Amino acid sequence: MPTRMLRRNATILGAAYADRAPIYVDADDNKVKAIVAGTGTTEVELVDTSAAFTLTGVITSAQANVHTGAETHSGVETHSGAETHTGLETGFRSDVNVLASGDLTLTAAMSDLVVVATAATGTQTLTLPSAATEGLVYTAVCGNAGGEILITPAASQTISCMASVGGANVTTAGGTGIKNTAATNIKNDLITLISDGTTSWYTIAQSGIWASQ
(Lines give C-alpha, C1' and ligand atoms only; values in the text may rest on other atoms or scores of the structure.)
Protein backbone atom coordinates (compact mmCIF):
# COMPACT_ATOMS: atom_id res chain seq x y z
CA MET A 1 0.00 0.00 0.00
CA PRO A 2 1.48 3.40 -0.90
CA THR A 3 2.35 5.81 1.89
CA ARG A 4 -0.01 8.79 2.08
CA MET A 5 1.36 12.13 3.20
CA LEU A 6 0.12 15.68 3.66
CA ARG A 7 1.70 18.13 1.27
CA ARG A 8 3.69 20.99 2.79
CA ASN A 9 3.03 24.26 1.01
CA ALA A 10 2.86 28.02 1.66
CA THR A 11 -0.78 28.12 0.58
CA ILE A 12 -3.49 25.55 0.15
CA LEU A 13 -3.69 23.76 -3.17
CA GLY A 14 -6.99 22.93 -4.75
CA ALA A 15 -10.54 23.97 -3.98
CA ALA A 16 -13.27 22.73 -1.66
CA TYR A 17 -15.99 20.52 -3.08
CA ALA A 18 -19.10 19.01 -1.59
CA ASP A 19 -17.47 15.57 -1.46
CA ARG A 20 -13.87 16.49 -0.57
CA ALA A 21 -11.88 18.94 1.54
CA PRO A 22 -8.33 20.07 0.76
CA ILE A 23 -5.86 19.66 3.64
CA TYR A 24 -2.15 20.56 3.90
CA VAL A 25 0.71 21.52 6.22
CA ASP A 26 1.34 25.27 6.12
CA ALA A 27 5.03 25.76 5.36
CA ASP A 28 5.02 29.12 7.18
CA ASP A 29 3.89 27.95 10.62
CA ASN A 30 3.93 24.13 10.35
CA LYS A 31 0.24 23.86 11.21
CA VAL A 32 -2.20 21.48 9.59
CA LYS A 33 -5.01 23.39 7.87
CA ALA A 34 -8.05 22.47 5.85
CA ILE A 35 -11.09 23.93 4.15
CA VAL A 36 -13.77 21.84 5.80
CA ALA A 37 -16.75 23.59 4.25
CA GLY A 38 -18.06 22.26 0.98
CA THR A 39 -17.34 25.60 -0.69
CA GLY A 40 -15.27 28.71 -0.20
CA THR A 41 -11.70 29.37 0.90
CA THR A 42 -11.99 29.69 4.69
CA GLU A 43 -9.33 27.59 6.39
CA VAL A 44 -9.44 26.04 9.85
CA GLU A 45 -6.48 24.82 11.88
CA LEU A 46 -6.18 21.43 13.51
CA VAL A 47 -5.28 22.02 17.16
CA ASP A 48 -2.49 20.14 18.91
CA THR A 49 -4.27 19.25 22.16
CA SER A 50 -1.01 18.25 23.85
CA ALA A 51 0.40 21.79 23.65
CA ALA A 52 -0.60 25.15 25.14
CA PHE A 53 -2.70 27.23 22.80
CA THR A 54 -4.44 30.61 22.78
CA LEU A 55 -8.16 31.01 22.10
CA THR A 56 -9.08 34.42 20.72
CA GLY A 57 -12.43 33.87 19.02
CA VAL A 58 -15.95 33.38 20.25
CA ILE A 59 -16.28 29.90 21.75
CA THR A 60 -19.50 28.01 22.36
CA SER A 61 -19.20 24.70 24.16
CA ALA A 62 -22.10 22.35 24.82
CA GLN A 63 -20.00 19.21 25.27
CA ALA A 64 -18.18 17.94 28.33
CA ASN A 65 -14.62 19.31 28.20
CA VAL A 66 -11.44 18.33 30.01
CA HIS A 67 -8.60 20.87 30.07
CA THR A 68 -5.14 19.81 31.22
CA GLY A 69 -2.84 22.40 29.60
CA ALA A 70 -2.26 26.09 30.21
CA GLU A 71 -4.95 28.27 28.64
CA THR A 72 -5.27 31.96 27.85
CA HIS A 73 -8.76 33.26 27.08
CA SER A 74 -9.35 36.63 25.41
CA GLY A 75 -12.59 36.02 23.51
CA VAL A 76 -16.21 35.61 24.55
CA GLU A 77 -17.08 32.09 25.68
CA THR A 78 -20.39 30.40 26.39
CA HIS A 79 -20.26 27.10 28.25
CA SER A 80 -23.26 24.87 28.84
CA GLY A 81 -21.47 21.53 29.23
CA ALA A 82 -19.50 20.14 32.16
CA GLU A 83 -15.82 21.14 32.31
CA THR A 84 -12.86 19.90 34.30
CA HIS A 85 -9.80 22.15 34.54
CA THR A 86 -6.43 20.97 35.85
CA GLY A 87 -4.10 23.43 34.11
CA LEU A 88 -3.38 27.12 34.68
CA GLU A 89 -5.95 29.47 33.16
CA THR A 90 -5.61 33.21 32.70
CA GLY A 91 -7.59 36.01 31.10
CA PHE A 92 -10.93 35.63 32.88
CA ARG A 93 -12.70 38.86 33.85
CA SER A 94 -16.04 39.56 35.49
CA ASP A 95 -18.51 41.78 33.68
CA VAL A 96 -19.28 45.08 35.45
CA ASN A 97 -22.39 47.21 35.11
CA VAL A 98 -22.13 50.69 36.63
CA LEU A 99 -25.81 51.41 37.15
CA ALA A 100 -26.12 55.20 37.29
CA SER A 101 -29.91 55.16 37.63
CA GLY A 102 -32.91 52.88 37.51
CA ASP A 103 -33.32 49.19 38.20
CA LEU A 104 -31.92 46.01 36.64
CA THR A 105 -33.50 42.61 36.02
CA LEU A 106 -30.77 39.98 36.14
CA THR A 107 -30.81 36.90 33.91
CA ALA A 108 -28.97 33.57 34.05
CA ALA A 109 -26.83 34.75 31.12
CA MET A 110 -25.58 37.61 33.34
CA SER A 111 -24.12 35.27 35.96
CA ASP A 112 -20.85 36.59 37.48
CA LEU A 113 -22.00 40.17 36.87
CA VAL A 114 -20.88 42.88 39.30
CA VAL A 115 -23.42 45.71 39.58
CA VAL A 116 -22.19 49.01 41.02
CA ALA A 117 -25.22 51.09 41.99
CA THR A 118 -24.28 54.78 41.82
CA ALA A 119 -27.58 56.69 42.05
CA ALA A 120 -27.23 59.58 44.51
CA THR A 121 -30.79 59.20 45.82
CA GLY A 122 -33.60 56.66 45.89
CA THR A 123 -33.65 52.88 45.70
CA GLN A 124 -32.14 50.85 42.88
CA THR A 125 -33.73 47.40 42.63
CA LEU A 126 -31.88 44.34 41.34
CA THR A 127 -34.26 41.47 40.52
CA LEU A 128 -32.72 38.00 40.68
CA PRO A 129 -33.63 35.18 38.29
CA SER A 130 -34.94 31.90 39.68
CA ALA A 131 -32.56 30.13 42.06
CA ALA A 132 -33.55 26.86 40.37
CA THR A 133 -30.48 27.22 38.15
CA GLU A 134 -27.60 26.13 40.36
CA GLY A 135 -24.46 28.24 40.71
CA LEU A 136 -25.60 31.63 39.42
CA VAL A 137 -23.50 34.36 41.04
CA TYR A 138 -24.10 38.11 41.26
CA THR A 139 -22.41 40.88 43.23
CA ALA A 140 -23.98 44.21 44.19
CA VAL A 141 -21.78 47.11 45.27
CA CYS A 142 -22.84 50.42 46.84
CA GLY A 143 -21.28 53.09 44.63
CA ASN A 144 -22.97 56.05 46.33
CA ALA A 145 -23.99 56.17 50.00
CA GLY A 146 -26.79 58.57 49.12
CA GLY A 147 -28.74 55.82 47.39
CA GLU A 148 -29.70 52.32 48.47
CA ILE A 149 -29.85 48.85 46.94
CA LEU A 150 -32.75 46.43 47.07
CA ILE A 151 -32.20 42.86 45.86
CA THR A 152 -35.36 40.84 45.29
CA PRO A 153 -35.72 37.10 44.57
CA ALA A 154 -38.37 35.37 42.50
CA ALA A 155 -41.76 34.73 44.11
CA SER A 156 -41.60 32.31 47.07
CA GLN A 157 -37.78 32.21 46.98
CA THR A 158 -35.49 33.39 49.79
CA ILE A 159 -32.20 35.18 50.36
CA SER A 160 -29.91 34.33 53.28
CA CYS A 161 -27.26 36.79 54.49
CA MET A 162 -25.96 38.32 57.73
CA ALA A 163 -27.32 41.48 59.34
CA SER A 164 -23.72 42.68 59.28
CA VAL A 165 -20.34 41.01 58.94
CA GLY A 166 -20.13 38.49 61.77
CA GLY A 167 -23.70 39.31 62.81
CA ALA A 168 -26.91 37.32 63.05
CA ASN A 169 -28.36 35.39 60.14
CA VAL A 170 -31.06 37.05 58.08
CA THR A 171 -33.24 34.79 55.93
CA THR A 172 -36.05 36.56 54.18
CA ALA A 173 -39.62 35.38 53.78
CA GLY A 174 -40.45 33.95 50.36
CA GLY A 175 -40.37 36.60 47.65
CA THR A 176 -38.94 39.23 50.02
CA GLY A 177 -35.71 41.05 49.25
CA ILE A 178 -32.75 42.40 51.19
CA LYS A 179 -31.76 46.05 51.40
CA ASN A 180 -28.61 48.07 51.95
CA THR A 181 -30.28 51.26 53.16
CA ALA A 182 -29.07 54.84 52.83
CA ALA A 183 -29.47 55.28 56.59
CA THR A 184 -26.71 52.79 57.42
CA ASN A 185 -24.73 52.13 54.26
CA ILE A 186 -21.30 53.32 53.24
CA LYS A 187 -19.70 53.40 49.82
CA ASN A 188 -18.24 50.00 48.84
CA ASP A 189 -20.68 47.95 50.90
CA LEU A 190 -21.21 44.77 48.88
CA ILE A 191 -22.87 41.39 48.77
CA THR A 192 -22.28 38.36 46.56
CA LEU A 193 -25.08 35.83 46.21
CA ILE A 194 -25.12 32.31 44.77
CA SER A 195 -28.14 30.19 43.83
CA ASP A 196 -28.53 26.71 45.34
CA GLY A 197 -30.39 25.09 42.45
CA THR A 198 -33.73 25.04 44.25
CA THR A 199 -35.38 28.06 45.89
CA SER A 200 -32.67 29.88 47.85
CA TRP A 201 -29.85 32.38 47.46
CA TYR A 202 -26.89 32.27 49.85
CA THR A 203 -24.26 34.89 50.63
CA ILE A 204 -20.65 34.02 49.83
CA ALA A 205 -19.19 37.51 50.41
CA GLN A 206 -20.52 40.53 52.28
CA SER A 207 -19.60 43.85 53.81
CA GLY A 208 -21.87 46.42 55.41
CA ILE A 209 -25.39 46.12 56.81
CA TRP A 210 -28.11 44.24 54.89
CA ALA A 211 -31.62 43.77 56.21
CA SER A 212 -34.82 42.06 55.11
CA GLN A 213 -36.96 44.43 53.09
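The values are calculated or read from the model by the stated rules, or taken from the named source; none is laboratory data. Keep in mind it's a predicted model, so treat the numbers as computed, not measured. Here the Cβ positions follow ideal geometry from the backbone for every residue, glycine too, while neighbour counts run over all protein chains shown.
I'd like to check something: does the range 102-122 contain any residue that is of a type outside the set (D, E, K, R), outside any loop (DSSP other than H, G, I, E, B), over 27 Å from residue 78 (Cα atoms) and not assigned by TED's automatic domain parsing to the domain that holds residue 77? Looking through the range 102-122, none of the residues is of a type outside the set (D, E, K, R), outside any loop (DSSP other than H, G, I, E, B), over 27 Å from residue 78 (Cα atoms) and not assigned by TED's automatic domain parsing to the domain that holds residue 77.
Scanning the range 115-132 for residues that are touching a Ser or Thr at 6+ places or on another chain (Cβ under 6 Å) and surrounded by fewer than 16 Cβ atoms within 10 Å (Cβ to Cβ) turns up just one, 127.
Candidates 197, 166: the one that is more than 21 Å from residue 94 (Cβ to Cβ) and at pLDDT below 95 is 166.
Only one entry of 101, 160 meets the criterion of being touching a residue at least 12 places away in the same chain (Cβ under 8 Å) and within 21 Å of residue 212 (Cα to Cα), and that entry is 160.
Just one of the numbered conditions (1) in contact (Cβ under 8 Å) with a residue 12 or more places away in the chain; (2) on the phi > 0 side of the Ramachandran plot is not true of residue 115: (2).
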